[in-house]
Amino acid sequence: MLLARLCLVVLFLSSPLAVLGQTPKFELVKVAEGVYACIRTEPPGLTVNANSVFIINRDDVIVVDTTLTPGTAREELAALRKLTGKPVRYVINTHWHDDHIMGNEVYRTAFPGADFIAHAQTREYLPTTGLRNRQQAMAADGYPGFIAALKKSLEENRNFSGAQMDEEERRTYASDIRIAERYMRENPTAQVVLPTITLEDHLTLYRGDRVIEILSLGRGHTSGDIVVRLPQEGIVITGDLVIWPVPYVGTPQSHPGEWGLALEKLIALKPNVIIPGHGQVLRDDSYLKLMARLFASVKEQVSAAVARGEKLEEVRRSVKLDEFQKQFAGDSHIRNDIFRIYVIGPAIAAAFNDATSKP
Ligand SMILES: [Zn+2]
């Protein structure tokens, strides 16, 4: 029962935190001159808020992704104001999920001249699938049900598998509740700001001496993923094409087979600094390679099963991801749950969709 609710939340692939008066839950990490990552400090959970990045140029600022709620975006904007008085000229949204776009209105209000850049698919999804997901998230069996279930678990000290909770699980459930409560408090009245500039393939911005490439590497986490690359600094800002420590996959929005190929293209760019959509700054490509192997394996195993004529439920039994689960989740109970909920279930279903829906 609870699992079903949690799986429902998977579809939203959104989330946040930080109650009024509470310390903002991000850490500002300087990765190059004028480039700062806002790395969320909530534990990786069943729901999440997303990282943002500030790129401070000669005359202006570019913001990549704007977090899950206007309030968390305002906290990050306050940190930017301490770094520079330059105006935000562009906001780039790496894809259409709420945890990357719901702070857009804060930047539109503060900087009325700013343009919003995203993939053309993101502009199409925001008022359609994005709106439906938001409505589902706010419905009784969305975040409100999720919050009630997590509170009950904490009260009873039982995780949703029925086992006694450990300290990491308690901390994570409490953080998830705060994220979901903040979503419910702030987002019903929040405005969705659509992209004013879209791209299909690539777009390059030149701001002073800085070169900023915006690239579509193919479908992966969604069909409208873009990556922001600073070629001179060797930095890539990946959105949810890279999520640490466990990737979050959605059905039917993700495309595991193509996701692996997009990651190969990302690796070929030879970045020195990788700022993922969620999780810590990465300094080498070993995690990208692990993710690429995972999705290649999902695609290969699912394709083989489909070729044998298996139906989805049979495919679920025949695909084996235990070795990957160990590598991503280790001994952590909560990370193993995240892997089961966000990878095994949706990745197999999404790969099955792709394998059986080709013309
Ligand atoms: Zn996402």
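The values are calculated or read from the model by the stated rules, or taken from the named source; none is laboratory data. Predicted model only: the values in this text are computed from it and were never measured. Virtual Cβ from ideal backbone geometry, glycine too; neighbours counted across all protein chains shown. Each accessible area value is taken on the protein alone, full model and side chains, heavy atoms only, with ligands, DNA and RNA left out. Shrake-Rupley method; radii C 1.70, N 1.55, O 1.52, S 1.80 Å.
Kirkwood Rh over Cα pairs of region 151-302 into Stokes-Einstein at 25 °C, 0.890 mPa s: D in µm²/s? Diffusion coefficient, whole number: 137 µm²/s. Past 26 Å, Cα to Cα: identify those pairs from Lys25/Lys152; Lys30/Lys326; Lys25/Lys82; Lys25/Lys270; Lys152/Lys311, in the order given. As for pairs spanning more than 26 Å Cα to Cα, those are Lys30/Lys326; Lys25/Lys270; Lys152/Lys311. The slack in the chain from Asp209 to Gln327, taken as 0.36 nm per residue of separation less the alpha-carbon distance, amounts to 38.4 nm. Listed by chain and number, the lysines whose alpha-carbon sits under 19 Å from that of Lys151, ignoring those within fewer than 8 places in the same chain, form an empty set.
With contacts taken as Cα pairs under 8 Å at a separation of at least 6 residues, the chain carries a relative contact order of 17 percent. Across all Cα atoms of region 249-311, the radius of gyration (one decimal) and Dmax (whole number) stand at 13.8, 43 Å. Between Arg171 and Glu200, the modelled labels are 4.7 nm apart [label points 7 Å from Cα along Cα→Cβ].
For region 223-312, the set of trypsin sites (Lys or Arg not before Pro) satisfying both a DSSP loop assignment and a count of at most 14 other C-beta atoms within 10 Å is given as Arg283, Arg308, Lys311.
For the chain, dividing the convex hull volume of the Cα atoms by the residue count gives 129 Å³ per residue. Scalar couplings 3J(HN,Hα) for region 193-205, obtained by applying the Karplus form with A = 6.51, B = -1.76, C = 1.60 to θ = phi - 60°, are 9, 7, x, 9, 9, 10, 9, 10, 10, 7, 8, 10, 9 Hz; x denotes Gly and Pro.
Counting charges near Glu156 (Lys, Arg +1; Asp, Glu -1) among other residues having Cβ under 15 Å from its Cβ returns a value of +1. What would the Debye equation give as log₁₀ I(q)/I(0) for region 213-258 at q = 0.17, 0.18, 0.22, 0.25 Å⁻¹, counting only Cα atoms as equal point scatterers? With one equal scatterer per Cα and no solvent, log10 I(q)/I(0) is -0.50, -0.55, -0.76, -0.90. Using a 1.4 Å probe, what is the accessible area per residue for region 195-326, in Å²? Ligands and nucleic acids excluded, the figure is 42 Å² per residue.
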